[in-house]
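**Student:** Just dropping this structure here.
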Amino acid sequence: MPENPGFFLTILAFLLVLGPLVFIHEMGHYLVGRWFGVKAETFSIGFGKEIAGWTDKRGTRWKLAALPLGGYVQFAGDMDPSSSQSAEWMELPAEERNKTFQSKSLWQRALIVFAGPAINFLFAIFILAGFAMLYGKAVTPPVITNVAEKSVAAAAGIEVGDRILSVDGDKVDYFSDIPPMISPHPGEDIVLSIERGGEKLEIALTIGTNIQTDRFGNEYKMGMLGVGADKVIYEDVPFYKAPLVGVERTGQILDLMVTTIGQVITGRRSVREMGGPLKIAQVSGEQFVAGASAFIFFIALISINLGFINLLPIPMLDGGHLMFYAAEAVRRKPVSPRVMEWAFRSGLALVMVLMLFVTANDLVSFGLFR
């Protein structure tokens, strides 16, 4: 019988994941905005009706809203990517006008917007660097010490003692590099570069497909070669090297996200594997009961996810703002308000459709429509 963390524990875990990450994301916008002298009128965790809040001495309203699926910082002035300087804005006193978002230079506005996703990545790097210091870094050489019978590796002629040099041209330094290169690509054709007895060989094969079930009953389709190493070797990571390991691991996770989205777009991976808030809540509860390390790693994973999604060039998201700033830099003038209006309407519609789609996916995965 799969373990079930229960409804209330799942909700608690979900809030413990999403709440702090949204706060960190918005705090990135807020701090860089303050650095450039922009007044923040509202700092909200959640949307909709205010549940609790207070106003600080700078006039910023800090509040907790009813729908905890995001948040926002409302800066003084019009927070649209074109940063239009309206007649009403021009009538403001100079001191007050200088505290508005649209009074800032293009690069300052871009940094304020970019700061949200950036701090999500930095937070994940901090967590992963901590794990590196606590548990070390796997430095097992990529030398095969066992080959599973009837596996794709055995069928391709891979032997014990072979050293894997690269996977489809991507260099392999340690055995731990191999699973991230293989598991996201079940059923795909690849070329392994190996060293055998001092000779370099190229072996073409099709990655095997293995459906795994975790302790909570969730099924995952994974790519598999059928090779292993008998002993895992760990190397201590000093504190001054830990951030580099954190950056490296964050980059690997980002690469996996980009690969997965590309597979969905090209049809190599089913859209049913896409999850939304309900799925995140479910996995939050599962990782919470799995232990502190699993839960903290999951927080880092979602932080990277949050930063990545917000950088997508979709109007309404941070990436959409940055896209229009790039256009402004090239054109040397803001995008027209009419284009902005249609872009934001389209972006909002796209975001809403995606939210409905992934929520429906979540409900299907929970068995609601069976």
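**Student:** Which is surrounded by fewer than 13 Cβ atoms within 10 Å (Cβ to Cβ) and of a type outside the set (Val, Ile, Thr), of Gly291, Gly285? Before the answer, list the steps.
**Tutor:** On the way: Gly285 fails: surrounded by fewer than 13 Cβ atoms within 10 Å (Cβ to Cβ).
Among Gly291, Gly285, only Gly291 is surrounded by fewer than 13 Cβ atoms within 10 Å (Cβ to Cβ) and of a type outside the set (Val, Ile, Thr).
**Student:** From Gly6, Gly37, Gly33, Gly53, grab the single residue that is of a type in the set (Gly, Ala, Ser) and modelled with pLDDT under 85. Before you say what the answer is, go through the steps one by one.
**Tutor:** Working: Gly37 fails: modelled with pLDDT under 85; Gly33 fails: modelled with pLDDT under 85; Gly53 fails: modelled with pLDDT under 85.
None of the others qualify; the one that does is Gly6.
**Student:** Hey, another quick one. May I ask you to say which residue of Ile261, Ile296 is within 24 Å of Val353 (Cβ to Cβ) and either of a type in the set (A, V, I, L, M, F, W, C) or surrounded by 17 or more Cβ atoms within 10 Å (Cβ to Cβ) (or both)?
**Tutor:** Working: Ile296 fails: within 24 Å of Val353 (Cβ to Cβ).
The match here is Ile261.
So that you can scan it fast, the table gives a plain yes or no per residue for (1) assigned to a loop (DSSP other than H, G, I, E, B); (2) among the charged types (D, E, K, R); (3) touching a residue at least 40 places away in the same chain (Cβ under 8 Å); (4) in contact with a strand residue (DSSP E or B) (Cβ under 6 Å, 6 or more places away or on another chain):
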site: Leu312; (1), (2), (3), (4): yes, no, no, no
site: Met316; (1), (2), (3), (4): yes, no, no, no
site: Gly320; (1), (2), (3), (4): no, no, yes, no
site: Phe324; (1), (2), (3), (4): no, no, yes, no
site: Ala327; (1), (2), (3), (4): no, no, no, no
site: Lys333; (1), (2), (3), (4): yes, yes, no, no
site: Gly347; (1), (2), (3), (4): no, no, no, no
site: Phe357; (1), (2), (3), (4): no, no, yes, no
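**Student:** Continuing with this model, one more query. Of the residues in region 176-213, how many are within 17 Å of Val160 (Cα to Cα), in contact with a helix residue (DSSP H, G or I) (Cβ under 9 Å, 6 or more places away or on another chain) and buried (at least 19 other Cβ atoms within 10 Å of the Cβ)?
**Tutor:** Final tally of qualifying residues: 1.
For every residue, the table says whether it meets (1) over 21 Å from Thr250 (Cα atoms); (2) open to solvent by 30 Å² or more (accessible area, probe 1.4 Å).
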{"site": "Lys104", "(1), (2)": "yes, yes"}
{"site": "Gln108", "(1), (2)": "yes, yes"}
{"site": "Pro117", "(1), (2)": "no, no"}
{"site": "Phe123", "(1), (2)": "no, yes"}
{"site": "Ala129", "(1), (2)": "no, no"}
{"site": "Ala132", "(1), (2)": "no, no"}
{"site": "Tyr135", "(1), (2)": "no, yes"}
{"site": "Ile144", "(1), (2)": "yes, no"}
{"site": "Glu149", "(1), (2)": "yes, yes"}
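**Student:** Restricting attention to region 162-179, report how many residues are out of contact with any Ser or Thr (no Cβ under 8 Å at 6 or more places or on another chain) and under 20 Å from Lys231 (Cβ atoms).
**Tutor:** Qualifying residue count for the region: 6.
**Student:** Still on this structure: I need the helices (runs of 4 or more DSSP H) fully contained in region 86-180, keeping only those with at least 2 residues that are closer than 30 Å to Ile302 by Cα.
**Tutor:** Values: elements: 87-90, 94-97, 106-135, 152-156.
The qualifying helices (runs of 4 or more DSSP H) are 106-135.
**Student:** Moving on. Name the single residue that is farthest from Leu301 (Cα to Cα) among those in region 5-37 being surrounded by fewer than 14 Cβ atoms within 10 Å (Cβ to Cβ) and of a type outside the set (A, V, I, L, M, F, W, C).
**Tutor:** Out of the qualifying residues, it is Gly37.
The values are calculated or read from the model by the stated rules, or taken from the named source; none is laboratory data. Keep in mind it's a predicted model, so treat the numbers as computed, not measured. Every residue, glycine among them, receives a Cβ derived from its backbone with ideal geometry; neighbour counts consider all protein chains shown. The protein model used for the area step is the full one, side chains on, heavy atoms only, and it has no ligands, DNA or RNA in it. Shrake-Rupley method; radii C 1.70, N 1.55, O 1.52, S 1.80 Å.
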